[in-house]
Amino acid sequence: MDIQSTENAIIIEPDFSKTFEWSDDLRTITIKPLDTLTDLRYSTTYTVTILETAKDTLGNQMDTTCAPYTFSFTTKEPEFELSVVPSEAKEGT
């Protein structure tokens, strides 16, 4: 795939700060949040759309019979919540 046109053709809602990592043969793209603790929200459905403007390395756009291509994923709820409560200071410490 053509890196620039493909990355520009990927729309994620709600959006978040991300990086794109490509396989050596440019056939697989991995989208990663810049910060996994803050960029993706808990219990949120994200919709990814790949527009027909994504091109292969020869400049051919995606076939309109398969584009735009849309899929969704939902992040999990937090598995636990941590609260830290300071203890009272003991005399002499």
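No lab work stands behind these numbers, since they all come straight from the coordinates. Everything numeric in this text was worked out from a predicted model, so none of it was measured. So basically every Cβ, Gly included, is an ideal-geometry build from the backbone, and we count neighbours across all protein chains shown.
Descriptive notes on the structure:
- Once both labels are positioned 7 Å from their Cα atoms along Cα-to-Cβ, the gap between Thr44 and Ser17 label points is 1.3 nm.
- Helical content alone sets the calculated 222 nm signal of the chain at -2000 deg cm²/dmol, taking -39,500 (n - 2.57) per DSSP H segment of four or more residues and averaging over every residue.
- Given R0 = 30 Å, the distance between the Cβ atoms of Glu7 and Thr74 translates into a calculated FRET efficiency of 0.80.
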